[in-house]
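Below is one structure, written out as structure tokens; comments come after it.
No value in this document is a laboratory result; all are computed from the given coordinates. This structure is a prediction, so every number in the text was calculated from the model and none was measured. Don't worry about glycine lacking a Cβ; one is built from the backbone with ideal geometry, like all the others, and counts go over all protein chains shown.
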Amino acid sequence: MTNPLHVDVPEGLPYLDYAREFDFPVAEVFRAHQDPALVTQWLGPRGMRTDIDHYDFRSGGTYRYTNSDDNGSYTFSGVFHTVRENEFAIQTFEFDQYQDVVSIEFMTFEDLGDGRSKLSGHSVYPNLEARDGMASSGWKEGMIDCYERIDELLSKATA
């Protein structure tokens with residue numbers, strides 16, 4: 001069974017929080033976020049292809065990737081401000097179709113013991129309108145897909 005994604009979108013505040021547990025060690029979940037060859041296998045909703053222009057998951061690194069399908073393509077970019085292996089990452093997130101809107105995301109990778117881990121995120125937006133746009137964009141469903149795909153990817157690696 002898949003672990004549920006928990007999302008909190010507080011009324012009147014320009015941020016959202018999420019958390020998801022994984023039945024894999026924190027180092028494997030972190031590596032799935034760090035290694036571009038793995039990232040292309042899970043980043044984006046099912047049915048979409050992910051093409052990475054560049055992806056440097058380290059403090060000061062940057063990224064740019066495109067999700068695409070028969071209906072179009074969607075490009076995202078940002079900067080990894082701080083990355084601490086198996087612990088924490090701070091990144092910016094920009095969607096090319098919404099210029100002048102940059103969010104900042106704090107991700108915490110937590111070791112739960114017994115080969116399990118938890119990923120928690122806090123995403124802050126420049127205003128409530130931008131946060132509400134993200135919250136209503138299908139973002140949650142896309143995140144559920146992404147995390148289920150990480151489960152599938154890591155299950156294959158341990159099989």
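Fully extending the segment from residue 51 to residue 141, taken as 0.36 nm per residue of separation minus the present Cα-Cα distance, adds 30.4 nm. Database remark: amide H of residue 81 closer than 5 angstrom to the amide H of 60, 90, 91, 92 (H placed geometrically; neighbours at sequence offset of 5 or more, or on other chains; Pro and chain starts carry no H). What percent do you get for the relative contact order of segment 5-158 when only Cα pairs under 8 Å and 6+ apart count? Relative CO of segment 5-158 lands at 27 percent.
Packing, as the average of other Cβ atoms within 10 Å across residues, places the peptides 66-76, 101-111 in the order 101-111, 66-76, highest first.
Straightening the chain between residue 68 and residue 7 buys 19.4 nm, computed as 0.36 nm per residue apart minus the Cα-Cα spacing. Select from 17, 56, 100 the residue whose mean-square fluctuation is largest in a Gaussian network model of the chain (Cα-Cα springs shorter than 10 Å). Result for the chain, Cα springs under 10 Å: 100 fluctuates most. With the charge dipole of segment 37-159 set up from +1 on Lys and Arg Cβ and -1 on Asp and Glu Cβ about the Cα centre, the Cα lying farthest toward the positive end among the listed residues 115, 126, 155 is that of 115. Ordering 67, 91, 55 by the projection of their Cα atoms onto the charge dipole of segment 53-94, which places +1 on the Cβ of Lys and Arg and -1 on the Cβ of Asp and Glu, puts 91 at the extreme positive end. Relative to the Cα centre, the charge distribution of segment 5-158, modelled as +1 at Lys and Arg Cβ and -1 at Asp and Glu Cβ, gives a dipole magnitude of about 240 debye.
Over 27 Å, how big is the tail of the calculated P(r) for segment 19-159, in percent of all Cα pairs? It would help to have the intermediate numbers written out before the result.
On the way: 1606 of 9870 pairs.
Of all Cα-Cα pairs in segment 19-159, 16 percent lie more than 27 Å apart.
Show that you can apply the helix-only estimate: for the chain, add -39,500 (n - 2.57) for every DSSP H stretch of four or more residues, divide by all residues, and state [θ] at 222 nm to the nearest 500. One gets -8500 deg cm²/dmol as the mean residue ellipticity at 222 nm. Each residue of segment 7-19 is assigned a 3J(HN,Hα), and the resulting list reads 10, 10, 10, x, 4, x, 10, x, 8, 9, 10, 8, 8 Hz, derived from the Karplus form 6.51 cos²θ - 1.76 cosθ + 1.60 (θ = phi - 60°), x at Gly and Pro.
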